[in-house]
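A.B. asks: Encoded as structure tokens, here's the structure I'll be asking about.
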Amino acid sequence: MDDQGFAISMVYPIMKTIAQKGFDFGQFCRHVSFDMAKLQDVDARIDESELVRLMNEAARFTQDDYFGLHQGELTDIADMGILGYVMMHSDRIVDALKAYQRYNVILCSGYNLDWEEQGDDAILRFYKTTPTPMSRQCVEDMVSSLYHLIARMSNRSIAIKELQFAHAAPADAGPYLSIFGVEPRFDGRENGLRMSKEVLQYPILYSDPRLRRAFEPIAEEVREKLLRGREFSDRVFQWMMACMPASLPTLQETAASFQMSTRSLQAKLKEESTSYNELSARVRKEIALVYLNKHEYSISQIAYLLHYTEPSAFQAAFKKWTGLTPGQYRAQRRQKSVSLDTAEALPHIQSRRR
């Protein structure tokens, strides 16, 4: 299963927000046919589609079209479990963001962030690593919660210079102005906010390095358990393989397929110690090995199928991958095949001579 889903604990902020608004969570669960017994299994996970449904239903149930924004306001470090504790005991805000980026899969698969510095500013971008669009309520909760957590961890007021959402504008921008101090730009290319880069260096008020060293190995173990054999890079690789040999997707086409910017795609792949260039080379190598074992294809034809402009470019790349030219590899495979056939035939020949 490629999608690890969401931790069941992600339902608790919904429950807290509904209760804070004066509604009964049990009544809500009955209204939307959600089994509250699922909350008893702390290791359970739910599908993204189910969490999105619960968020949308909660907005309707409470008659709050800005439910995600307001849920983000109420989010506390404790709501984020082990991830929250690693963030809380990091040295600086930038270290907490790195922890969020690395361990966010513990809470929610498919949603993450990256950032960059531009002049005096830092730009935080929120993105999805799966092809389905970001839910408005979910992304607004994500942006709002992280914004408020940064302010609480640093014990400082955080001025937002610019805010952008990819979804369409709701009827009233007032709630955004009240929470962030600025009106967002809607229908943007991505979800993100701009603030002073000084914020990244703010120390975290109650950081305890000893506690971080205690919590981080636990977070690492849970993360590895979730990601083992299901990395985002594997999904990208499989998608690229499926496109071949009809086309070798460009970086831009790959990012568009996963509904994120090229920068976000590269950042996500970097988290898993790979890159678009490495994956495209791996795709070409795997397919080259298959075709070189099919003697009806010439090396020039294989180069064409792998979308090289010249056979010499393919030969240079293949030698870099394997230490052999395509012709040497093919000859070596043929020799091994002949040797194997001879070895298998020898007992039969000797038997006839007897």
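The values are calculated or read from the model by the stated rules, or taken from the named source; none is laboratory data. All figures in this text were calculated on a predicted structure; none of them were measured in a lab. Counting neighbours? That spans all protein chains shown, and the Cβs are built from the backbone with ideal geometry, glycine included. Only protein heavy atoms, including side chains, enter the accessible area calculation; ligands, DNA and RNA are left aside. Shrake-Rupley method; radii C 1.70, N 1.55, O 1.52, S 1.80 Å.
A.B. asks: Pick from region 245-287 the residues that are outside any helix (DSSP H, G or I) and without any contact (Cβ under 8 Å) to a residue 60 or more places away in the chain: which of them is least open to solvent (accessible area, probe 1.4 Å)?
C.D. replies: In this case the residue turns out to be PRO249.
A.B. asks: Out of the residues in region 74-91 that are part of a helix (DSSP H, G or I) and small (Gly, Ala, Ser), which is least open to solvent (accessible area, probe 1.4 Å)?
C.D. replies: Once the filter is applied, the top-ranked residue is GLY84.
A.B. asks: While we're looking at this one, here's another question. Of the residues ALA219, ALA169, only one is farther than 23 Å from GLY84 by Cα and within 26 Å of the chain's Cα centre (by Cα); which?
C.D. replies: The match here is ALA169.
A.B. asks: Hey, another quick one. Restricting to region 30-46, give me the number of residues that are in contact with a strand residue (DSSP E or B) (Cβ under 9 Å, 6 or more places away or on another chain), surrounded by 13 or more Cβ atoms within 10 Å (Cβ to Cβ) and outside any helix (DSSP H, G or I).
C.D. replies: Residues in region 30-46 being in contact with a strand residue (DSSP E or B) (Cβ under 9 Å, 6 or more places away or on another chain), surrounded by 13 or more Cβ atoms within 10 Å (Cβ to Cβ) and outside any helix (DSSP H, G or I): 3 in total.
A.B. asks: Further, regarding this structure: Where residues in region 92-120 are aromatic (Phe, Trp, Tyr) and surrounded by fewer than 23 Cβ atoms within 10 Å (Cβ to Cβ), which of them is nearest to LYS270 (Cα to Cα)?
C.D. replies: Top of the filtered list is TRP115.
A.B. asks: So, one more: Looking at region 174-217 only, could you name the residues that are among the hydrophobic types (A, V, I, L, M, F, W, C), surrounded by 14 or more Cβ atoms within 10 Å (Cβ to Cβ) and out of contact with any Lys or Arg (no Cβ under 9 Å at 6 or more places or on another chain)?
C.D. replies: The answer is ILE179, PHE180, PHE186, LEU211, PHE215.
A.B. asks: Is it the case that ILE123 is closer than 21 Å to VAL94 by Cα, β-branched (Val, Ile, Thr), under 23 Å from the mean Cα position of the chain (by Cα) and open to solvent by less than 50 Å² (accessible area, probe 1.4 Å)?
C.D. replies: Yes.
A.B. asks: Could I ask something else about it? Filter region 40-99 down to the residues that are of a type in the set (Asp, Glu) and either farther than 20 Å from PHE215 by Cα or more than 19 Å from the chain's Cα centre (by Cα) (or both) and list them by number.
C.D. replies: The answer is ASP41, ASP43, ASP47, GLU48, GLU50, GLU57, ASP64, ASP65, GLU73, ASP76, ASP79, ASP91.
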